[in-house]
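Let me begin by presenting the structure, written as structure tokens, before commenting on it.
The values are calculated or read from the model by the stated rules, or taken from the named source; none is laboratory data. For clarity, every value in this text was computed on a predicted model and none was experimentally measured. Heads up, the Cβs are rebuilt from the backbone with ideal geometry, glycines too, and the neighbour counts pull from every protein chain shown.
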Amino acid sequence: MRGKVGVVGAGFSGAVIARELADAGYKVIVFDSRSHVAGNCHSERDPETNIMLHVYGPHIFHTSNEKVWNYIRKFDEFMPFVNRVKALVGNKVYSLPINLMTINSFFGKALSPKEAAEFMGLIGDQSIVVPLTFEQQALRFVGRDLYEVFFKGYTQKQWGLHPSELPSSILKRLPVRFNYDDNYYASAYQGIPKHGYTFIVGKILDHPNIDIQLNTNFERGMAGDYDHLFYSGSIDSWFDFADGRLGYRTLDFEVERHRGDYQGNAVINYCDQHVPWTRISEHKHFAPWESHDSTIIYKEHSRQCGAADTPYYPIRLVNDKAQFARYVELARAEQKITFVGRLGTYRYLDMHVTIAEAFEVAERFLDMQKSGGAMPSFVVDPLA
Ligand SMILES: Cc1cc2nc3c(=O)[nH]c(=O)nc-3n(C[C@H](O)[C@H](O)[C@H](O)COP(=O)(O)OP(=O)(O)OC[C@H]3O[C@@H](n4cnc5c(N)ncnc54)[C@H](O)[C@@H]3O)c2cc1C
């Protein structure tokens, strides 16, 4: 038996690191302040309808990383699912991401891919050479009409900021397609676990070398008991918010129950600014292989994260990044602790990226143990 390792957080980051080290012979104790494992990916069956609920918002697994895809499928069967998001604007429904169907139905045309590319080139604002803001990026690539309808109101609701105050990098994740491909993700593999994410994480953590302590908030004073600590909680909380709270958006879910089929799709975005929610998720449609007479929908509202709220999306504007850089400096001076995951590194991470980074962290730790080197506070550069 090797040394004793503490892991804070039983989401994908903590679970995968714990499992890799347990397999290598380490005794690992995993803490989570919540009453369940799987972090924000937690899913549970509604006791009344038996519908699988994505409790902290919809999660679709997608990746082009073979290693991650092969790994995750060892813990549950993945059922085919393709995320096809719709957008409601006024009383019209469009296809997202913006594709040939969106362009043709919005402008009442029947353009071919080549014609659409030419048309978009004409309506895009070519005077913007290097887009700096989200607004400039959108105006350049989709023009004012599509920007106003699909991006402006939605973005203001999602981020609480005008698109002219947001960096252009946010829009790079929403490409325009000149064909009818409406698959939201461009990944090689996509699916939903048959028994849910909490089942998977429970199985990852099911190992004789792993102890799990739920309902336990891990504090600095508890660190001394461990040869090394992996911390997937928020970095600012580790330092008792010495430099203030990092900016996050949080989400509120307005849950409704209905009979039958409410919206006919898993996710519909509401782009109009006067509609208070950003999107509606209808959870039974994430499991199209199941059949349910009733339905449960989540109307998703985004707002600034307060001290008592769950942090969801890191804001990472210029000021937030500078504040985060100061926390990184404090973290780099710490010994025997590595900050990991979405909260530990203050980044938005998809599940597959989280898992791939967790492999990297565990591998580095095992290498350092062999070579006698010191494990760094970060394995991935969090400021990159
Ligand atoms: C609304 C939303 C939708 C998303 N949809 C997708 C999607 O469709 N596909 C996709 O790939 N990814 C999606 N993601 C990203 C996904 O949620 C993350 O990749 C994943 O949660 C990261 O795992 P993690 O372990 O780093 O963090 P988390 O899941 O947040 O786990 C961290 C855990 O640490 C615990 N913790 C924190 N501090 C302490 C402490 N001091 N003591 C004890 N425990 C503590 C927390 O309770 C939490 O359980 C989505 C994210 C959001 C916000």
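The table that follows gives values for the structure above.
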| item | result |
| --- | --- |
| Matching entry among Phe81, Phe61 (being crowded, with 24+ Cβ neighbours inside 10 Å, within 13 Å of the ligand (Cβ to nearest atom), aromatic (Phe, Trp, Tyr) and within 22 Å of the chain's Cα centre (by Cα)) | Phe61 |
| Cross-chain or 6+ apart pairs with Cβ under 6 Å, segment 347-360 first and farther than 24 Å from Gln323 by Cα, then near the ligand (Cβ under 7 Å from one of its atoms) and not basic (Lys, Arg) | Met351/Phe12; Met351/Phe61; Ile355/Phe12; Ala358/Ser13 |
| Top-ranked residue in segment 327-381 [being surrounded by fewer than 17 Cβ atoms within 10 Å (Cβ to Cβ) and polar (S, T, N, Q); ranked as nearest to Ala242 (Cα to Cα)] | Gln335 |
| Matching residues in segment 35-50 - criterion: being surrounded by fewer than 19 Cβ atoms within 10 Å (Cβ to Cβ) and near the ligand (Cβ under 9 Å from one of its atoms) | His36 |
| Any hit, segment 233-246, residues being acidic (Asp, Glu), more than 22 Å from the chain's Cα centre (by Cα) and away from the ligand (no atom under 15 Å from the Cβ) | yes |
| Single condition Lys67 does not satisfy, out of (1) over 26 Å from Glu357 (Cβ atoms); (2) in a helix (DSSP H, G or I) | (1) |
| Output for segment 208-241, where each listed residue is among the hydroxyl-bearing types (Ser, Thr, Tyr), in a loop (DSSP other than H, G, I, E, B) and out of contact with any Gly (no Cβ under 9 Å at 6 or more places or on another chain) | Thr216 |
| Residue match in segment 135-142 (condition: at pLDDT below 95, of a type in the set (Val, Ile, Thr) and not in a helix (DSSP H, G or I)) | no |
| Only listed residue being more than 16 Å from the ligand (Cβ to nearest atom) and of a type in the set (A, V, I, L, M), chosen from Ile123, Ile29 | Ile123 |
| The listed residue being crowded, with 18+ Cβ neighbours inside 10 Å and either touching a helix residue (DSSP H, G or I) at 6+ places or on another chain (Cβ under 6 Å) or not in a loop (DSSP other than H, G, I, E, B) (or both), out of Leu53, Leu122, Leu88 | Leu53 |
| Residue count for segment 247-270, restricted to those that are under 20 Å from the mean Cα position of the chain (by Cα) and under 21 Å from Gly39 (Cα atoms) | 8 |
| Residues being within 16 Å of the ligand (Cβ to nearest atom) and touching a Gly at 6+ places or on another chain (Cβ under 8 Å) - total across segment 343-372 | 6 |
| One residue from Ser33, Ser43, Ser64 being more than 29 Å from Ile268 (Cβ to Cβ) and touching a Ser or Thr at 6+ places or on another chain (Cβ under 8 Å) | Ser33 |
| Criterion violated by Asp381 - all others in (1) in the same structural domain as Val16 (by TED's automatic domain parsing); (2) away from the ligand (no atom under 16 Å from the Cβ) satisfied | (1) |
| Output for segment 324-339, where each listed residue is free of Cβ contacts under 8 Å to residues at least 40 places away in the same chain and outside any loop (DSSP other than H, G, I, E, B) | Glu329 |
| Of the criteria (1) in contact with a Lys or Arg (Cβ under 7 Å, 6 or more places away or on another chain); (2) more than 19 Å from Ala307 (Cα to Cα), which one Leu166 fails | (1) |
| Boolean, Arg342 is under 18 Å from Ala10 (Cβ atoms) and in a helix (DSSP H, G or I) | yes |
| Any hit, segment 242-261, residues being part of a loop (DSSP other than H, G, I, E, B) and either farther than 28 Å from Thr338 by Cβ or without any contact (Cβ under 8 Å) to a residue 12 or more places away in the chain (or both) | yes |
| Residue in segment 91-106 that is surrounded by the fewest Cβ atoms within 10 Å (Cβ to Cβ), counting only those that are of a type in the set (S, T, N, Q) and in contact with a Ser or Thr (Cβ under 7 Å, 6 or more places away or on another chain) | Ser95 |
| Cβ pairs under 8 Å, 6+ apart, first in segment 182-203 and closer than 22 Å to Asn99 by Cα, second modelled with pLDDT of 95 or more and small (Gly, Ala, Ser) | Asp182/Ser95; Ser187/Ser64; Ala188/Ser64; Tyr189/Ser64 |
| Of all residues in segment 1-26 being within 11 Å of the ligand (Cβ to nearest atom) and of a type in the set (Val, Ile, Thr), the one that is nearest to Asn70 (Cα to Cα) | Val16 |
